[in-house]
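Colleague: Following this message is one structure expressed as structure tokens.
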Amino acid sequence: MSEFRSGFVAIVGRPNTGKSTLVNALVGSKIAITSPHPNTTRHAIRGIVNRPDFQAIVVDTPGIHKPKTLLGHRLNAVVGESLDSVDVIIMCIPADEVSGSGDQFIIDEVNKHPRSKKIAVITKTDLVNKAELAQRLMGIVELAKDFTWDEIIPVSAVIHDQIDLLSSLIGASLKPGPEFYPKDMVSDQPQEKWICELIREAALRDARQELPHSITVTIDEMSEREEQGSRSFYDIHATIHIERDSQRGILLGHQGERLKDIGTRARADIERILSARVFLGLHIKVSKEWQKDPKLLERLGFGEN
């Protein structure tokens, strides 16, 4: 019988390259929110991939980008911190886009960590034909000028194509080691942070223009009711923070219908992860220009790294 392996894996890439969708597919459970908007991930989220012969703690990082706000600088710092002590670095490169200076910048960052195994994952392969994919694979080899990828693998997390193969490659890249977490655990993310993210995901749906980047969520109160019955019941009150007064009406919608829809969608996901019934009360607050305000960033959970 082969020796059990374990270790840490960082997933990096430009914004909106399929990192969170890939993490969810590897873990086999939704532990990271997804949306079509860039920079949806704002914290390093750790998912736990449990297999009979290995355990991989996979860190979903924010997309590396040219920052325009203090929040952007702090998100990039999260990525750098995540790369410092991992066994494997996976770089997500979408099959349906052309690589430019953004990918090259990330590859240069990856090259600063010579002790980590490096896997290039071509994501979103369901969006291109075989000829386009072949051309993309050739380009990925040429991008890494100062090192050689340990593996290059095309996948589609949406249709689960080659996810099992990628999982096996990750396991083979880890060193012998113990289980860090129980086998039934899929994430070490604090429960309240997970709930905030599910509310933000619901709010991001159909959001347009600058609004997606202006939304963040905090929990004001969360308590369990003392009730009889086999199923728990939680009261959760949360605040959706935005940056400008003009954004309040967008989130509220006509006669509050949009906010009600956000609450309905978020509550369904929260009840699933808590395995409980939930009352969810949502409040909108204008936290003016919070992405640029150091004190507000600290208060909202984006402390300086």
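None of the figures in this text is laboratory data; all of them are computed from the coordinates on show. The structure presented is a predicted model; accordingly, all values stated were derived computationally and were not measured. Here Cβ is always computed from backbone atoms with ideal geometry, including for glycine, and neighbour counts include all displayed protein chains.
Colleague: List every residue whose amide H lies under 5 Å from the amide H of VAL217, counting only residues 5 or more places away in sequence or on a different chain, with H placed 1.01 Å from N in the peptide plane.
Modeller: Close amide H contacts, sequence-distant or interchain: HIS241.
Colleague: Could you run the Karplus curve 6.51 cos²θ - 1.76 cosθ + 1.60 with θ = phi - 60° over the stretch 279-295 and give me ³J(HN,Hα) per residue in whole Hz, x for Gly and Pro?
Modeller: Here the 3J(HN,Hα) series is 9, 10, x, 10, 10, 9, 10, 7, 9, 3, 6, 4, 5, 10, 9, x, 5 Hz.
Colleague: Could you compute the FRET efficiency for ASP184 and GLU224, with r as their C-beta to C-beta distance and R0 at 22 Å, rounded to 0.05? Could you put the intermediate results ahead of the total?
Modeller: Values: r = 22 Å, r/R0 = 0.98.
E(calc), rounded to 0.05, equals 0.55.
Colleague: Here's another thing I want to ask about it. Search the structure for amide H atoms under 5 Å from the amide H of ASP53, placed 1.01 Å from N in the peptide plane, and list their residues when 5 or more places away or on another chain.
Modeller: The list, which skips near neighbours in sequence, is empty: none.
Colleague: With N set to the residue count of the stretch 191-299, report its C-alpha Rg divided by 2.2 N^0.38 Å to two decimal places. Could the numbers behind the result be given before it?
Modeller: Working: Rg = 14.5 Å, N = 109, 2.2 N^0.38 = 13.1 Å.
Computed over Cα atoms of the stretch 191-299, the ratio equals 1.11.
Colleague: What residues qualify as long-range amide H neighbours of SER232, i.e. H under 5 Å apart, gap of 5 or more or another chain, H built at 1.01 Å from N?
Modeller: For SER232, the qualifying residues are ARG277.
Colleague: For the stretch 247-305 and the stretch 105-137, compute the distance between their C-alpha centroids and round to whole Å.
Modeller: Taking the Cα centre of the stretch 105-137 as reference, the centre of the stretch 247-305 is 34 Å away.
Colleague: How large is the charge dipole for the stretch 191-299, taken about the Cα centre, if only the Cβ atoms of Lys, Arg (+1) and Asp, Glu (-1) carry charge, to the nearest 20 debye? Show your work: numbers first, answer last.
Modeller: On the way: 19 positive and 20 negative charges, 55 e Å.
For this selection, approximately 260 debye.
Colleague: Let me ask something else. Output ³J(HN,Hα) for the stretch 185-202: one whole-Hz value per residue in order, computed from phi by the Karplus curve 6.51 cos²θ - 1.76 cosθ + 1.60 with θ = phi - 60°, and x for Gly and Pro.
Modeller: Values, residue by residue: 8, 10, 7, 9, 5, x, 4, 5, 5, 4, 4, 4, 5, 5, 5, 5, 4, 5 Hz.
Colleague: Would you calculate the convex hull of the Cα atoms in the stretch 102-250 and tell me its volume per residue in Å³? Each step should come with its number before you reach the end.
Modeller: Numbers: hull volume 33.0 nm³, N = 149.
Dividing the Cα hull volume of the stretch 102-250 by its residues yields 221 Å³.
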